[in-house]
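**Q** I'd like to ask you about the structure that follows.
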Amino acid sequence: MSWNLRPARTADIEIIAELRATVMRADLERLGRFDPHRVRRRLRDSFSAEHTSVIETDGAFAGCVTLRPAEGGHWLEHFYLAPHRQGRGLGSAILGTLLERTDAEGSTVRLDVLRGSAARRLYERHGFTVEDEDPVDVFMVRAPRAAAGCPG
């Protein structure tokens, strides 16, 4: 399967909001926090086309990811894959590509994931560790790795 990241456009907001609602529904319901309007509104309120990439597989929309500059590094958010694209290594490939970039910059990356979400295992495999947690979210951090062949 071929994939690429393209810069998001403002016109992508609705398809991304719908994907977010679909992907997060089961975890939010499990936590007693699913609201079909709020889940979409939260994406719309925080959407930044400037820092978001649309994921395409074989030329079709497959998801999105936002890597936003933040104090001390970057904040990874809105990383959603269409359900039929999950569990096949695509998320790992995309995350690995993004982390190569942040490692080259020497940037720390932070994110939050819902408690009990299967996505947490993906982040742990890529070196994220728990920094803090609350009843709903687990906040994770990953320090930059030294580039191959460089001391560190």
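The values are calculated or read from the model by the stated rules, or taken from the named source; none is laboratory data. None of these values were measured; they are calculated from a predicted model. As a convention, Cβ positions derive from the backbone with ideal geometry for all residues, glycine included, and neighbour counts pool all protein chains shown. Surface areas here come from the heavy atoms of the whole protein model, side chains and all, with no ligands, DNA or RNA. Shrake-Rupley method; radii C 1.70, N 1.55, O 1.52, S 1.80 Å.
**Q** Report whether or not residue 96 is on the phi > 0 side of the Ramachandran plot and loosely packed, with under 15 Cβ neighbours inside 10 Å.
**A** It is false that residue 96 is on the phi > 0 side of the Ramachandran plot and loosely packed, with under 15 Cβ neighbours inside 10 Å.
Table: residues versus (1) under 27 Å from residue 141 (Cβ atoms); (2) of a type in the set (Asp, Glu); (3) in a strand (DSSP E or B).
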residue	(1), (2), (3)
4	no, no, yes
13	no, no, no
38	yes, no, no
43	yes, no, no
65	yes, no, yes
99	yes, no, no
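**Q** Can you name the condition, by its number, that residue 9 falls short on among (1) free of Cβ contacts under 8 Å to residues at least 24 places away in the same chain; (2) open to solvent by 50 Å² or more (accessible area, probe 1.4 Å)?
**A** (1)
**Q** Next question, about the same structure. Would you mind telling me which numbered condition in (1) open to solvent by 60 Å² or more (accessible area, probe 1.4 Å); (2) touching a residue at least 40 places away in the same chain (Cβ under 8 Å); (3) part of a strand (DSSP E or B); (4) in contact with a helix residue (DSSP H, G or I) (Cβ under 7 Å, 6 or more places away or on another chain) residue 110 fails?
**A** (4)
**Q** Let me ask something else. Would it be correct to say that residue 121 is of a type in the set (D, E, K, R), open to solvent by 30 Å² or more (accessible area, probe 1.4 Å), out of contact with any strand residue (DSSP E or B) (no Cβ under 6 Å at 6 or more places or on another chain) and under 20 Å from residue 23 (Cα atoms)?
**A** Criteria met by residue 121.
**Q** Something else now. Considering each of 30, 68, 41 in turn, give the residue that is at pLDDT 95 or above, more than 15 Å from the chain's Cα centre (by Cα) and open to solvent by 60 Å² or more (accessible area, probe 1.4 Å).
**A** After ruling out the rest, the residue left standing is 41.
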